[in-house]
Protein chains: 2
Amino acid sequence: MTSPHEYVRAHSAGFEEELNELLRIPSVSTLPAHRADMLRAARWLVDHLRHIGMEAELAEEGKTGAAREFSPGEGHPLVYAEWLGAPGRPTILGYGHYDVQPVDPLAEWISPPFEPTVRDGNLYARGAADDKGQILTLIKAVQAYLATKRPLPVNVKLLIEGEEETGGTTVERYVRANRARLGADAALVLDSGMFAPEIPAITLGLRGIVTAEIEVSGAARDLHSGRYGGAAPNPFLALAQILTGLRDARDRVLIPGFYERVVPPDPEERSAWSRLEFDEGEFLRDEVGSPALGGELEFPVLERIWARPTLEVHGMPGGFTGEGTKTVIPARAAAKVSMRLVPRQDPDEIYKLFEAHVKRLQPRGTRVAVRRSGYLTPAVVMDPRSPAMTAARAAFTETFGHETVLIRAGGSIPVVTHFTGLLGLPTVVTGWTLSDSNLHSPNEKLHLGHFHRGIDAVIRFFGRFGATADS
Amino acid sequence: MTSPHEYVRAHSAGFEEELNELLRIPSVSTLPAHRADMLRAARWLVDHLRHIGMEAELAEEGKTGAAREFSPGEGHPLVYAEWLGAPGRPTILGYGHYDVQPVDPLAEWISPPFEPTVRDGNLYARGAADDKGQILTLIKAVQAYLATKRPLPVNVKLLIEGEEETGGTTVERYVRANRARLGADAALVLDSGMFAPEIPAITLGLRGIVTAEIEVSGAARDLHSGRYGGAAPNPFLALAQILTGLRDARDRVLIPGFYERVVPPDPEERSAWSRLEFDEGEFLRDEVGSPALGGELEFPVLERIWARPTLEVHGMPGGFTGEGTKTVIPARAAAKVSMRLVPRQDPDEIYKLFEAHVKRLQPRGTRVAVRRSGYLTPAVVMDPRSPAMTAARAAFTETFGHETVLIRAGGSIPVVTHFTGLLGLPTVVTGWTLSDSNLHSPNEKLHLGHFHRGIDAVIRFFGRFGATADS
């Protein structure tokens, strides 16, 4: 009898061809022109999952019945699949997404984004790394077991969404409405990456985010700066006063209470970070490219981006921004602001502290309005000692021949918040992408060696996590 | 023999009809589609000036010969006219412009902008007040003299440009190239307004201006604020630091040396301003509309807008300014800045002080570039005791039955700088518009009573100024 690993080695060419099939479907979720492609990709997954032996359907919020078509007007379809043939064994809830980013600027692609092409051991295509290639490592691991070794060491549920790149809420609504159905012992979210080539990583923490807009109004209408300069308030200069009252020249946030609940990473985690192969000079030169790094220089870079809260300004709409000169004192100006949050900071509370502080800073002669906009997600941090985490660390270390490092990420993955917060699941956030995988950029790529080893890694994770039921 | 004033009264209906003819030509200088209309308006003026007995031509930079057509590719034509039939008498150089602002938003016009319509004693049309109606009062005054009382008390030269609303440089180049031809004893610039209904005014001073753009660069490309927030510099927050270093919360400019050469208005002028009927509460409510006025509150409002230098921000391009949220740390952001200047401040010196101060303020981790943009005009202030000023004050006071008030304006009229600076002429800046004439806005209007009295006022000014040669 062949082992799942032997099955994988014997079928590697076929797995690549199946990935190419999925990559050829231009499932760009943000562009209405691709709505039919979205449905096509979701159906491809359902057919494929049934083909390997899972029960699969196009799921919709509140629907728990058999497969049915999703109405395009309600959002992009969610794919749900399960194999529950191992009663008494633990259950894993796997997650990935089949939607991809737009391809602009198209001219910069060396090979067309939806014609998968191999160069130097990398598979180039939009979605190769984010996230079709990653979700396939999970599906192929299930297939390898189903084809070789039933019952599986674990029961498997899969949730594959089509709105990750749009910030859609379908998956959240579905999770809220299907807590029982999605019940599991742990979750495996395959939408993150490795720390470096050959160095597997688990993302233990994700920062939260709250976004807001500050609008300052001065005069009732735009005024000529010759006629009124010296008498009318200037909303941009008022905003500058507010912004320097929100973050100082050393990038320290000045909102009273902002840092109050911040929990520093525990000494073990911090010490593990310090041992990571991270070169600040390289990071500055190759990734950021500014004259020097910013942030709270008293903290190491990785701690600044993983475990320190921040406040950023993304744009300042208003007034005249065209070519040339228009000497207007604008009636209003705004600042688009976000704050990245760390564990224990409550997004609602932080927003309230922010709002109150901005109002305290209101410059004379102006009105200040503060509005929430878009995101409100708490940070999450996972327990590195849970059985799922222990199993994943060992499985990945064994597969890649390098100790699995425990990292965090500065951004948010909302589904992780739903899995940990709504379902209470220990959640392993991982993946096989690299910092040069060109996610969201031209020439997105996935290292094919990492694709195949990713399948092995998931197989080993299933085996080790399933074994925890025996101990 | 009729007097010029009797001639005016007898021909008032005809004068209005002639103004309507000129107003029907949509001479919008900023829109290429109206280039032919520009030429048509200029030719209408040349024909009309010849018809009343002046020598007139379409003039071009460097050309001093007979009338010739102006090539549209070089800019909008300049109209020059003269009547020099009073040797030994003083010469007046009159100025106005025949180009008008665009009409947007068209839907807000009660009657079509290029179909002059009278309502409640006001003539509504684009250009009625700015500046066709005003320049016609000067032409009709010349006509009234030429038709009734030769030789005139003064020689008259007229320069009527078509680039006032575009900030064009044709008139400056023409003045530089034709100093001898434009030689005069005083200039009369009809492109300003009255202080209030029935209160004639002479604008004794105009602020200067220098405009600049500050660009702050951080990272080499736009970065995701999740992945890089806490490590990458934020150009908008850097700009906020710079801007609060340029102007404080009390609207005081912080550039070292900025106020060094500022000359306060003389006590007589300041005391005259304090006697003007100016209601700060009304100004705040009806004109500005902000919760309170800004500026250096230790100075009276009129002094703040007429005689104090300022620094304003007009817009801050960069980053994400669309609907919704995009959590980008932009690679760069800019601020469009202008400074209004007062007499004795040298625009070049102020720009250098500004640039040096901005560079001193450069936040860590960023590059800062400072560029001049658009305008660089010094302030002007005229001697209220010159013979032309004395003649104008008396003429306007006699005509309107209210003492002529001496005011300043916070904006610039570049041609005044050329007349005073390049030609060394005492320059009377005046006009018959009101603060509610809707210059540059829908429903621009000129009070017809002021149009006719404006003609009388110019006639009296010619008479009184001409008489100075006899004393």
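Those helices (runs of 4 or more DSSP H) of the stretch A:139-252 in which at least 3 residues are within 14 Å of chain B (Cβ to nearest Cβ) and either touching a residue at least 60 places away in the same chain (Cβ under 8 Å) or surrounded by fewer than 23 Cβ atoms within 10 Å (Cβ to Cβ) (or both), considering only elements entirely within it, cover A:225-228, A:235-246. Summed over the stretch B:182-234, the residues that are more than 24 Å from A:Gly226 (Cβ to Cβ), in the same structural domain as B:Trp83 (by TED's automatic domain parsing) and at pLDDT 95 or above give a count of 5. Checked across the stretch B:366-378, the condition of being basic (Lys, Arg) and under 27 Å from B:Leu422 (Cα atoms) holds for at least one residue.
Just checking, does the stretch B:312-324 include any residue being over 25 Å from A:Val216 (Cβ atoms) and buried (at least 20 other Cβ atoms within 10 Å of the Cβ)? Checked against the condition, which is being over 25 Å from A:Val216 (Cβ atoms) and buried (at least 20 other Cβ atoms within 10 Å of the Cβ), the stretch B:312-324 yields no hits at all. Of everything listed in (1) facing chain B (nearest Cβ under 7 Å); (2) farther than 25 Å from B:Gly289 by Cβ; (3) assigned to a strand (DSSP E or B), the single unmet condition for A:Ile407 is (1).
State yes or no: is A:Ile350 within 14 Å of chain B (Cβ to nearest Cβ) and in contact (Cβ under 8 Å) with a residue 40 or more places away in the chain? Criteria not met by A:Ile350.
You will find that of B:Ser412, B:Ser435, the residue that is modelled with pLDDT under 95 and surrounded by fewer than 19 Cβ atoms within 10 Å (Cβ to Cβ) is B:Ser435 and no other. What do you reckon, is B:His452 assigned by TED's automatic domain parsing to the domain that holds B:Ala86 and surrounded by fewer than 20 Cβ atoms within 10 Å (Cβ to Cβ)? Considered against the rule, which asks whether it is assigned by TED's automatic domain parsing to the domain that holds B:Ala86 and surrounded by fewer than 20 Cβ atoms within 10 Å (Cβ to Cβ), B:His452 comes out as yes. The set of residues from the stretch B:257-310 being more than 19 Å from B:Pro343 (Cβ to Cβ), aromatic (Phe, Trp, Tyr) and assigned to a loop (DSSP other than H, G, I, E, B) comprises just one member, B:Phe278. Here A:Gly424 passes the criteria (1) outside any helix (DSSP H, G or I); (2) surrounded by fewer than 23 Cβ atoms within 10 Å (Cβ to Cβ); (3) touching a residue at least 12 places away in the same chain (Cβ under 8 Å); (4) small (Gly, Ala, Ser) except the one numbered (3). Considering the conditions (1) farther than 22 Å from A:Arg332 by Cα; (2) more than 8 Å from chain A (Cβ to nearest Cβ), B:Ala334 is excluded by exactly one of them, (1). Among the residues of the stretch B:312-371, those that are in a strand (DSSP E or B), over 30 Å from the mean Cα position of the chain (by Cα) and among the charged types (D, E, K, R) comprise B:Arg332, B:Arg367. Hey, among the residues in the stretch B:326-347 that are touching a residue at least 24 places away in the same chain (Cβ under 8 Å) and among the basic types (Lys, Arg), which one's surrounded by the fewest Cβ atoms within 10 Å (Cβ to Cβ)? Selected residue: B:Arg344.
Considering the conditions (1) under 23 Å from the mean Cα position of the chain (by Cα); (2) within 30 Å of B:Gly322 (Cα to Cα), A:Ile199 is excluded by exactly one of them, (2). Residue pairs whose Cβ atoms lie under 8 Å apart, sitting 6 or more positions apart in sequence or on different chains, and linking a residue in the stretch A:275-292 that is exposed (fewer than 14 other Cβ atoms within 10 Å of the Cβ) to a partner that is not aromatic (Phe, Trp, Tyr), are A:Glu277/A:Ala196; A:Glu277/A:Ile199; A:Glu280/A:Leu293; A:Glu280/A:Val301; A:Ala292/A:Leu284; A:Ala292/B:Pro233; A:Ala292/B:Arg364; A:Ala292/B:Gly365. Among the criteria (1) assigned to a helix (DSSP H, G or I); (2) within 14 Å of chain B (Cβ to nearest Cβ); (3) under 27 Å from A:Leu204 (Cβ atoms), the one A:Ala392 does not fulfil is (2). Would you confirm, using the coordinates I've provided, whether A:Glu115 is in a helix (DSSP H, G or I) and within 22 Å of A:Arg43 (Cβ to Cβ)? No: the conditions fail for A:Glu115.
The values are calculated or read from the model by the stated rules, or taken from the named source; none is laboratory data. Please read these numbers as outputs of a predicted model, since none were measured by experiment. As a convention, Cβ positions derive from the backbone with ideal geometry for all residues, glycine included, and neighbour counts pool all protein chains shown.
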